[in-house]
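These notes concern the structure reproduced below.
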Amino acid sequence: MKTNKLIYFLLAGLLVAGLSSCNDFLDEQPDNRTIIDSEEKAIKMLVSAYADSQPWLFLEMASDNTDNHGANYDGWSRFWQESYEWSDPTETDNEDAAHTWEAHYMAIANANEVLKAIDKMEMTDKLSAAKGEALICRAYAHFVLVNVFCQHYDPAHPDDLGIPYMEKAETELDPKYERGTVAEVLGHFRTTEPKGEFVIVVAGKPKVRRVREDGEE
């Protein structure tokens with residue numbers, strides 16, 4: 001009988017220890033994600049709201065600024081050649097179209113995470129500035145994508161397809177987005193910014209213009 005009680009005590013002890021270890025394991029983050037729970041972290045996270053790949057190289061290669069000098073110049077890569085010829089890409093590069101797409105949507109996702117975190121904090125001057133920067137980063141990344149991968153805005157063609165406009169941090173696996181139109185994407189730059197302000201982009205540089213309550217600039 002004493003032996004049975006001893007076994008029960010040992011099993012109970014192991015069960016308690018196991019549950020404690022399990023709780024400790026579940027309390028840890030399952031990956032290397034950043035938890036934005038302070039003003040300092042929100043501001044630091046803004047570094048990731050800027051795309052680390054830009055389209056300027058392949059756009060320049062595909063533009064009229066580039067000439068084919070034939071055998072007189074053999075320093076071209078296959079990526080440059082395909083960009084120049086507007087061929088379907090077979091080569092990859094850190095500044096190709098695919099990397100541009102992924103980098104800008106990653107920047108948008110990071111900006112949305114910052115905005116989501118800031119909305120849960122008590123607003124301060126630094127957080128207000130961080131929120132404005134995140135909104136500008138998000139708008140500018142969408143602006144680059146809609147100008148690179150869609151038709152340029154034309155009032156005569158209001159149904160030209162745009163890009164998915166991501167306004168919220170993702171909370172589900174593989175969400176589906178509607179593309180909308182180019183006009184709808186551009187419309188977000190006026191309607192989604194803080195009251196009284198909207199982001200405009202001139203020659204690739206984002207600026208903020210003040211708007212009166214009656215809509216006059």
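The values are calculated or read from the model by the stated rules, or taken from the named source; none is laboratory data. Here the structure is a predicted model, which means the values were calculated and not measured. Heads up, the Cβs are rebuilt from the backbone with ideal geometry, glycines too, and the neighbour counts pull from every protein chain shown.
At-a-glance table
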| quantity | calculated |
| --- | --- |
| Checking residue 122 against (1) within 13 Å of the chain's Cα centre (by Cα); (2) without any contact (Cβ under 8 Å) to a residue 12 or more places away in the chain, the condition it does not meet | (1) |
| Within segment 132-160, tally of residues that are in contact (Cβ under 8 Å) with a residue 40 or more places away in the chain and out of contact with any Leu (no Cβ under 6 Å at 6 or more places or on another chain) | 15 |
| Selection status of residue 126, charged (D, E, K, R), exposed (fewer than 15 other Cβ atoms within 10 Å of the Cβ) and more than 24 Å from residue 148 (Cβ to Cβ) | yes |
| Test: residue in segment 100-111 that is in contact (Cβ under 8 Å) with a residue 12 or more places away in the chain and in a loop (DSSP other than H, G, I, E, B) | no |
| Candidate set from segment 110-121 (those that are touching a helix residue (DSSP H, G or I) at 6+ places or on another chain (Cβ under 9 Å) and surrounded by fewer than 17 Cβ atoms within 10 Å (Cβ to Cβ)); member that is farthest from residue 41 (Cα to Cα) | 119 |
| Hits in segment 138-193 - residues which are in a loop (DSSP other than H, G, I, E, B), surrounded by 14 or more Cβ atoms within 10 Å (Cβ to Cβ) and modelled with pLDDT of 90 or more | 150, 160, 162, 163, 164, 165, 166 |
| Residue selected from segment 36-91 under the condition among the aromatic types (Phe, Trp, Tyr), surrounded by fewer than 16 Cβ atoms within 10 Å (Cβ to Cβ) and modelled with pLDDT under 85, by the criterion nearest to residue 147 (Cα to Cα) | 86 |
| Verdict on residue 47 being out of contact with any Phe, Trp or Tyr (no Cβ under 8 Å at 6 or more places or on another chain), aliphatic (A, V, I, L, M) and touching a residue at least 24 places away in the same chain (Cβ under 8 Å) | no |
| Condition check for residue 131: in a loop (DSSP other than H, G, I, E, B), over 30 Å from residue 77 (Cα atoms) and either at pLDDT 90 or above or basic (Lys, Arg) (or both) | no |
| Some residue of segment 84-96 being assigned to a helix (DSSP H, G or I) and farther than 26 Å from residue 186 by Cα | yes |
